[in-house]
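Structure first, commentary second.
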Protein chains: 2
Amino acid sequence: MGLTKTEIFTESQNRIALFAKVFGHPARVAILQHLFKINTCVCGDLVNVIKLAQPTISQHLKELKSLGLIKGNVEGTSVCYCIHQENWTHMKETMFQFLNQDEIKKEGCC
Amino acid sequence: MGLTKTEIFTESQNRIALFAKVFGHPARVAILQHLFKINTCVCGDLVNVIKLAQPTISQHLKELKSLGLIKGNVEGTSVCYCIHQENWTHMKETMFQFLNQDEIKKEGCC
DNA sequence: ATTATTAATCGTAATATTGCAATATAATAA
DNA sequence: TTATTATATTGCAATATTACGATTAATAAT
């Protein structure tokens, strides 16, 4: 059905999945890496750096923004995007807790 | 088009996206959490724990296995699934490097 | 005012994902 | 052999995602 049954999972599980999902596309990975690399805000050059059409980049940016991982400031005719530091830190805590589960039990069985 | 243009991204970006994608569904998050919680191998009880049909669980397990994050040992009529520790550790390194990008430049701009 | 420039939105085609019923397969039990 | 049990596979319907051309909106420059 293509429709995820979010109601049968916990808040936490759904939150982890939502963050992971947004990282589940190389274009969004590349966008974030670029935003981190350029310490001054990047505007439309993402379209030049990443070889995807402008509407496609815009769409990916929207997803990152709707999750709160980036913010965009309008600056004249262009828009200045950058990482939302606090939210990124919060997201990291969530993801680290999930990824570090193996720290508790290192036994393994089969 | 629904088709990701992997060829325009780096190996690294695609690898990060692939790992993230598999975590991008709450069922797979729940499966992994359960496999970590039960220190002895879990077999078919995933279907009881997670309220999804058996073929659906089986499909999610397949995806986790194809990425190497879990392994399954046939044990009589049932299959014993557990975390692939080494691969999990490798995956963590990849993801941590991505998630910890903010450690380098904490400036922010807008 | 007119004309660039930049980015968002709309519409749409192609493809992917999710979920399950039905069925198949494989190993054990009776 | 014939159930029984556990898991995998197939096929399919519903929905989501990706990508982009065309268009729009908003500001800047001339």
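What's the number of the only condition in (1) assigned to a helix (DSSP H, G or I); (2) under 23 Å from B:E11 (Cα atoms) that A:Q13 fails to meet? Among (1) assigned to a helix (DSSP H, G or I); (2) under 23 Å from B:E11 (Cα atoms), the lone unmet condition for A:Q13 is (2).
Whenever a residue of the range A:1-25 is at pLDDT 95 or above, its partners that are acidic (D, E), lying with C-beta atoms within less than 7 angstrom and at least six residues away or across chains, give the pairs A:V22/A:E63.
Considering A:I16, A:I8, A:I31, A:I38, the condition of being under 18 Å from B:D102 (Cα atoms) and more than 14 Å from DNA strand D (Cβ to nearest atom) is satisfied by A:I38 alone.
Yes/no matrix, rows are residues, columns are (1) farther than 24 Å from B:A27 by Cβ; (2) within 11 Å of chain A (Cβ to nearest Cβ); (3) in contact with a strand residue (DSSP E or B) (Cβ under 9 Å, 6 or more places away or on another chain); (4) surrounded by 11 or more Cβ atoms within 10 Å (Cβ to Cβ):
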position: B:K62; (1), (2), (3), (4): no, no, no, yes
position: B:K71; (1), (2), (3), (4): no, yes, yes, yes
position: B:Q85; (1), (2), (3), (4): no, yes, no, yes
position: B:I104; (1), (2), (3), (4): yes, yes, no, no
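When the range A:32-52 is limited to residues that are under 13 Å from A:C80 (Cβ atoms) and out of contact with any helix residue (DSSP H, G or I) (no Cβ under 9 Å at 6 or more places or on another chain), the one that is nearest to DNA strand C (Cβ to nearest atom) turns out to be A:C43. Restricting attention to the range A:54-73, the residues that are more than 8 Å from DNA strand C (Cβ to nearest atom) and outside any helix (DSSP H, G or I) total 6. Given the criteria touching an Asp or Glu at 6+ places or on another chain (Cβ under 9 Å) and either within 10 Å of DNA strand D (Cβ to nearest atom) or within 10 Å of chain A (Cβ to nearest Cβ) (or both), does B:I57 qualify? For B:I57, the condition - touching an Asp or Glu at 6+ places or on another chain (Cβ under 9 Å) and either within 10 Å of DNA strand D (Cβ to nearest atom) or within 10 Å of chain A (Cβ to nearest Cβ) (or both) - is not met. A count restricted to the range B:31-49 and to residues that are within 8 Å of chain A (Cβ to nearest Cβ) and closer than 19 Å to B:G68 by Cβ stands at 4.
In summary, B:T6 fulfils each of the numbered conditions (1) among the hydroxyl-bearing types (S, T, Y); (2) within 30 Å of A:N73 (Cα to Cα); (3) under 16 Å from the mean Cα position of the chain (by Cα) with the single exception of condition (3). Within the range A:69-106, track down each residue that is acidic (D, E) and over 20 Å from B:I16 (Cβ atoms). A:E75, A:E86, A:E103 - these are the residues of the range A:69-106 that are acidic (D, E) and over 20 Å from B:I16 (Cβ atoms).
Is there a residue in the range B:77-99 that is touching a Pro at 6+ places or on another chain (Cβ under 6 Å) and at pLDDT 95 or above? So far as the range B:77-99 goes, no, none of its residues is touching a Pro at 6+ places or on another chain (Cβ under 6 Å) and at pLDDT 95 or above.
The values are calculated or read from the model by the stated rules, or taken from the named source; none is laboratory data. Source: prediction; values computed, not measured. Neighbour counts run over all protein chains shown; Cβ positions are idealised from the backbone, glycine included.
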